[in-house]
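Structure, as C-alpha cells:
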Amino acid sequence: MARQPGWPVHYPRSFLKLIIAGFALVALPLILAIVNNALSIHDIVERSQQTVHQAMRATEASRALREQLTAMERSVRQASALADPGLLQGYTHARGRFTEGARQMRTLGLDARQAEQLARLVGREEALAQSLEASAAAPDTLADRLAGFEELDGLARSLADIGNGVVEREIAALQAKAESVQRFISWQLVALLPIALVLLVGAIVLISRPIGQIDAAMRRMADGNFDTPVQVAGPQDLQNLGRQLDRMRLTLIDLEGQKRQFLHQVSHELKTPLAAIREGAGLLDEQLVGALTPPQREVTSILLQNTGRLQDLIERLLSYHQTQFHRTALTIGTVALREIVVGAGRQHRLSMAAKGLRFAVTCPPVSVEGDADKLAAILSNLISNAVKYAPRNGGIGVTVTDLGETVRLEVADDGPGIRPEERDHVFEPFYRGSAAYEGPLKGTGLGLAIVREFVLAHHGHIDVVPQEQGARLRVELPRRQPQREAT
C-alpha cells in the first residue's frame, strides 16, 4: 500500500497497544510530576524530622548541662558554708555527669558556633575544676571560686540560645524550601497542563487517524466511488482491515463490471428484436405493405406505443444503473445556470407547445461549480416531470435564487400536485405517483431517482415543497464544491 504523506509514524502492531501507548504517553508526564513532588515533600518531611529531633536533643543536652552545673555549684556552696571538704564528693559526681553530657553533646552534629561555645564552656569548667581541686584543702577559700559558676551558667545559657537560633534558622530554611517546592509544583502544573494537552491531542490524532481513513473509505464506497484505493496507516490489525476493505472494493468493481456487461448484453439482445418489431409496426402503420382497416390501424398504434415505451424503459434502466455507479465522477467546472435552464426548456419546447403550456424562467446571472451535463440532466428531468403532469394550457415555472453560499432551484407546475403520503417516495427508483397525467406513454419512475443521485453527487439536496395547488420541487446546491479527496 502507498505510504501516507507527512512525517513517518511508527504504530504498534495492534490497535489495543496503540490505545495503551496513547494513555501511557499522556499519563507519563503527570506520573513523573507526582513522583517528583512526592520526593520533594518526603525530603522536606525528613529534614523537618531531623531538625526537630536535633533541636530536642540539643535542648535536652543544654538543660542537662545547666542542671549539672547547678548541682556542682550547690555542692561547692555547701562545702564552703560548712567548711567540710567531704561534701565535694557531690561536686565530683555532678562534674562526671557534666563531662559525659558534654561528650555526648559533641556527637550531635553541632554547628560551628555551638561547637565553639561548648568548647569554651568545657574549657572554663576544667579551669574552675582545677582551681577548686587546689582549694579543696582550704574550704574557707572555696567561696572565692563560686563566681566561676555564674560565668559557666552564662555560657550554658548562651549555648542554649545559640541552639534555639540554629533551630529557628533550620525552620526558616525549611519554610523557604517548602515555599520553593510549592512554587515549583505550581509552575510544574502550569507547564504540564499544556504538555499533557498536546500529548492528549497527539494521542487522539494517532488513534483517530486510521479510524478516520477507514470511515472515509467506507463512505466513499457507500457513495459509489470505487476508484480510490483504500489506504490505512496504523497498527497492523487496522492495516489488515484496510486491505480487506480494498479487496472488497475491487470485488465490488468486478461485480459492477459484470452487472454492467450483463445489462449491456441484455439490452443489446432486447433492442435487436425490439427494433425489428418497431420497424415492422411502423411499416404496417404507414400502410406500406397494404391498406389497413381501422381495427388493424389501432393494433399497430398500440404496438408502436408499447415498443416505444419498452425502448425508453431499457434506456432509462441503463442510464440509472450508470448514474448509481458513477454518480461521484463529476467533471467540475463553472456553470452558468441561466444557460442550463434555457437549454433544458428548449429541449421540451415541442412537448410544451403540444399542450399549450406557458414556460416562465426567473434566473439571475448566477454560476455554480458543478458538472454541466449532470446539472442539465437535473433540470431536464424536472421540467419533463412538470410537463407530464401540467394540465393543458397550464404553466411551468423555473425559479433560481441566489442564497449566497447556496443556490436554490425550483421547478413548479399547476398540475394535481404530489400527495403528502407520496412525498417521501417520489425519489425512489421505479416509483410512480397516483396523480393522473396526459401523455402517450406511462413513466418509468426513474427520472426523479436520477435527479436525486445527481443532486447528491453535487453535495446538495432535493425536497418536495408542500403547497395547495400543483407541485414544486426544490433543489439546493452549494456554490462551491468541496475539495475532492486525494487518491
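The values are calculated or read from the model by the stated rules, or taken from the named source; none is laboratory data. Treat the numbers as computed from the prediction; the structure is a model and nothing was measured. Neighbour counts run over all protein chains shown; Cβ positions are idealised from the backbone, glycine included.
For segment 211-245, name all the residues that are assigned to a helix (DSSP H, G or I), farther than 22 Å from ILE20 by Cα and in contact (Cβ under 8 Å) with a residue 60 or more places away in the chain.
Scanning segment 211-245 gives ALA216, ARG220, ARG243.
Let me spell it out: the conditions are (1) closer than 30 Å to ASN37 by Cβ; (2) buried (at least 17 other Cβ atoms within 10 Å of the Cβ); (3) at pLDDT 75 or above, and ALA196 meets all of them except one. Which number is the exception?
(3)
Counting only residues that are closer than 17 Å to ILE383 by Cβ and β-branched (Val, Ile, Thr), which one in segment 393-406 is surrounded by the most Cβ atoms within 10 Å (Cβ to Cβ)? Give the steps one after another, and end with the answer.
To start, the set of residues in segment 393-406 that are closer than 17 Å to ILE383 by Cβ comprises 394-400.
Next, only the ones that are β-branched (Val, Ile, Thr) stay: 396, 398-400.
Numbers: ILE396: 26, VAL398: 23, THR399: 16, VAL400: 21.
Top of the filtered list is ILE396.
Taking the stated definitions as given, is ASP246 of a type in the set (D, E, K, R), over 30 Å from GLU315 (Cβ atoms), modelled with pLDDT of 75 or more and surrounded by 17 or more Cβ atoms within 10 Å (Cβ to Cβ)?
On the way: of a type in the set (D, E, K, R): yes; over 30 Å from GLU315 (Cβ atoms): yes; modelled with pLDDT of 75 or more: yes; surrounded by 17 or more Cβ atoms within 10 Å (Cβ to Cβ): yes.
When the stated conditions are applied, ASP246 passes them.
With respect to ARG113, determine if the residue is loosely packed, with under 15 Cβ neighbours inside 10 Å and within 13 Å of ASP153 (Cα to Cα). Step through it out loud before you land on a result.
Values: loosely packed, with under 15 Cβ neighbours inside 10 Å: yes; within 13 Å of ASP153 (Cα to Cα): no.
When the stated conditions are applied, ARG113 does not pass them.
How about segment 68-101: which of its residues are aliphatic (A, V, I, L, M) and surrounded by fewer than 20 Cβ atoms within 10 Å (Cβ to Cβ)? Steps first, answer last, please.
As a first pass, look at segment 68-101 and keep what is aliphatic (A, V, I, L, M): 69, 71-72, 76, 79, 81-83, 87-88, 94.
ALA71, ALA81, LEU82, ALA83, LEU87 - these are the residues of segment 68-101 that are aliphatic (A, V, I, L, M) and surrounded by fewer than 20 Cβ atoms within 10 Å (Cβ to Cβ).
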